[in-house]
Amino acid sequence: MSFRIIGTGMYVPPKVVTNDDLSKIVDTNDEWISKRVGIKERRISENEFASEMGLKAAQQAIADSGINPEEIDAIFAATVSGETSSPSMACMLQNGLGLSCMAMDISAACSAFIFLLETAAAFFGLHKEYQKILVVGTERMSGITDYADRSTCIIFGDGAGAAILERGENYLDSVISVDGGDSVIKIPHTVGSCPWFTRETESPYVHMQGQETFKYAVTALSQDVTTLLERNSLTMEDIAWIVPHQANKRIIDFAAKRLGVSKEKFFCNIEKYGNTSSASVPIALHELAKSGQLHRGDKLILCAFGGGLSNAACLIEW
Ligand code: UT7
């Protein structure tokens, strides 16, 4: 049982922070960031939490699909930078939309949007009465970024992306891999104030081994795309677009080279938003859909990688 995507939405906060702005607070410069990462600017929230950005993206996806919000049977959401651990992000969105449907979060960092799609596909199979599911990835990465660390603060940005899924047959295949551990990417919580707990708090920001992540990402991305093509007897000629997680333009370029495919096949908007973690794939998908370059019947591969470590990709027909 699967679904088709009938609407998309996105929201980014209005505040633009350029590479030059960051060079005033850490030892970096526009040339290094543009060349090594491909980012020119990112959006940073001044007064909105992740749930508020997610709600705006969800409302846009609902409007885009033309459905009545009451038709939504379930909400699945993802975030690593929500303002509360409880309620979950999905519960916050359900409340914001004034709905009473089932709602829950999936945690898979930057790969999470594909985990949300996978979960939705499973729920369409499990609940025959479900017709429509809302999926949302929303992040205020600026809240978990150390603005004294030049290797991470230049990367992340804030934003939200959403999609409305309707029972259908267009989620064709998927691959999901997890290699659990915290040595490469970690976002610790504080240990709290329990007087008997003896471990020290680590700073509650993104800790990332950049080069390790880079290598993992290039391999994961190219292997996942290859698996989907081979398993479905397709070639790159059959694929209209690859929509990758926007983490580093060089990761995309390296993966394109490894796959022997033109970089133009990969939709890329990292220069405007940086890495918005779970929001990056749905934001990219929304921008691609609205650009007029995507047509019903086109085959797409969405792919992502990140904390966990986790990586995932799916083949869909638009
Ligand atoms: O979405 C979650 C998944 N995350 C990712 O996919 C991120 C993957 N990793 C990356 O995108 C890259 O590894 C980074 C952007 C994080 C770093 O780029 P890099 O090309 O791997 O740089 P590096 O860590 O190898 O550092 C090279 C040099 C170092 O200087 P020395 O030791 O050679 O003198 C760094 O200190 O670049 C320096 N450097 C910087 N220089 C100017 C690191 N960050 C900066 C900076 N500006 N912002």
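Where a number appears in this text, it was derived from the coordinates with a stated rule and is not lab data. Just so you know, these numbers come straight off a predicted model, no measurement behind them. All Cβ positions, even for glycine, are placed from backbone atoms using ideal geometry, and neighbour counts span all protein chains on display.
Between Val37, Val80, Val12, the GNM of the chain built on Cα springs shorter than 10 angstrom shows Val37 fluctuating the most.
Just to be sure I understand the curve: with the Debye formula and one point per C-alpha of segment 2-169, what is log10 I(q)/I(0) at q = 0.08, 0.11 Å⁻¹? Log10 of I(q)/I(0), two decimals: -0.27, -0.48. As a rough guide to protection, the peptides 17-26, 105-114, 277-286, 166-175 ranked by mean Cβ packing within 10 Å, highest first, stand as 277-286, 105-114, 166-175, 17-26.
Normalised radius of gyration for segment 123-239, please: alpha carbon Rg relative to 2.2 N^0.38 Å, two decimal places.
Values: Rg = 19.7 Å, N = 117, 2.2 N^0.38 = 13.4 Å.
Taking the Cα Rg and dividing by 2.2 N^0.38 Å, one obtains 1.47.
Positive end of the dipole of the chain (Cβ unit charges, origin at the Cα centre): among Ala284, Val206, Gly307, the Cα lying farthest that way belongs to Ala284. Extending 7 Å from the Cα toward the beta-carbon at both Val178 and Ser203 defines two label points whose distance is 2.9 nm.
State, as an integer percentage, the relative contact order of the chain based on alpha-carbon contacts under 8 Å between residues 6 or more apart.
On the way: 771 pairs, mean separation 82.6, N = 318.
Value for the chain: 26 percent.
The Cα atoms of the chain cover 49, 48, 37 Å along the three principal axes, with the biggest extent listed first. Across segment 174-317, the volume of the C-alpha convex hull divided among the residues equals 126 Å³ per residue. Potential lengthening of the chain between Ser34 and Ser233 amounts to 67.9 nm, from the contour at 0.36 nm per residue minus the alpha-carbon distance.
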